[in-house]
1. Let's test the formula: R0 of 41 Å, r as the Cβ-Cβ distance of Arg173 and Arg80. What FRET efficiency results, to the nearest 0.05?
2. Over the chain, what is the mean sequence separation of C-alpha contacts under 8 Å (at least six apart), divided by residue count, expressed as relative contact order in percent?
3. From the phi of every residue in the stretch 83-100, what ³J(HN,Hα) in whole Hz does the Karplus formula 6.51 cos²θ - 1.76 cosθ + 1.60 yield, where θ is phi - 60° and glycine or proline is x?
4. Whole Å is fine, so just give me how far the alpha carbon centre of the stretch 1-58 lies from that of the stretch 111-130.
5. Identify the trypsin sites (Lys or Arg not before Pro) of the stretch 12-43 meeting these criteria: DSSP loop state and at most 13 other C-beta atoms within 10 Å of the C-beta.
6. Would you pull out the residues with amide H under 5 Å of Gly131's amide H, same chain only if 5 or more places away, H placed 1.01 Å from N?
7. Pop out the ³J(HN,Hα) list for the stretch 170-186 in order, Karplus 6.51 cos²θ - 1.76 cosθ + 1.60 with θ = phi - 60°, rounded to Hz; leave Gly and Pro as x.
8. How large is ³J(HN,Hα) for each residue in the stretch 6-16, as worked out from phi by the Karplus curve 6.51 cos²θ - 1.76 cosθ + 1.60 (θ = phi - 60°), to whole Hz, x for Gly and Pro?
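The values are calculated or read from the model by the stated rules, or taken from the named source; none is laboratory data. On a predicted model such as this, the values are computed, not experimentally measured, just so you know. Note that we place each Cβ from the backbone using ideal geometry, even for glycine, and neighbour counts take in every protein chain shown. Accessible surface areas use protein heavy atoms only, side chains included; no ligands, DNA or RNA. Shrake-Rupley method; radii C 1.70, N 1.55, O 1.52, S 1.80 Å.
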Amino acid sequence: MNLVIDAGNTRTKIAIFEGDQLREKHVFDEAAVTQAFLSAYRASNLIVSAVTDAGIRLGELPNVSGKRCVLTPSLPLPIRNRYATAETLGPDRLAAACGAWQKFPGKPSLVIDCGTCINYEIVNRTGEYMGGAISPGLAMRFRSMHEGTDKLPLVDPLAIAADAVPLTGDETRACLVSGVMNGMLE
């Protein structure tokens, strides 16, 4: 079994593969729960994409018998990295670009990854990673309006029903929801 770990700023995603077949996937919000799961799991091989130092340390798991890899811009990749400061490129962004090229070789791609931040990655038709953009994610947008003002309430993004996003609001919460949700679509 092969273990793939994507350790983000907010969540850690774990996939377990047998060959190229996905067997299990898990999402963890807490480091202690992630560690407990991983300590009980034995893997043949491991690859880690991590945007935090704690996530990078997951590449040192003791219960891996085979190859280990922590994704960095210096690894041989299926794309050419044209990012001006390759050493600062987040492995999550790099993985998204490589995934787009793997899925759609020879075609230009725009990958949009919505997590703590919203990342936009561009791969051209010749397999060159051209860069992209980073903007605040959903929770960060709501939190910044709440923390940056005296009276705006904090909206819990998990409490927003998919069909309850108005074009415009007629009360403060609805205005916040409209601004954030519709603004992300722009």
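1. That pair, Arg173 with Arg80, gives E of 0.30.
2. On the way: 320 pairs, mean separation 22.6, N = 186.
The value is 12 percent.
3. The phi angles translate into 5, 4, 10, 3, 5, 9, 6, x, x, 5, 5, 5, 4, 5, 5, 5, x, 5 Hz.
4. 22 Å
5. On the way: sites: Lys13, Arg23, Lys25, Arg42; in loops: Arg42.
For trypsin sites (Lys or Arg not before Pro) across the stretch 12-43 that sit outside H, G, I, E and B with at most 13 neighbouring Cβ atoms in 10 Å, the list reads Arg42.
6. Ile122
7. Values, residue by residue: 10, 7, 4, 4, 5, 5, 5, 4, 4, x, 5, 5, 6, x, 5, 7, 5 Hz.
8. Going residue by residue, I get 10, 9, x, 6, 10, 9, 10, 10, 10, 10, 10 Hz, with x marking Gly and Pro.
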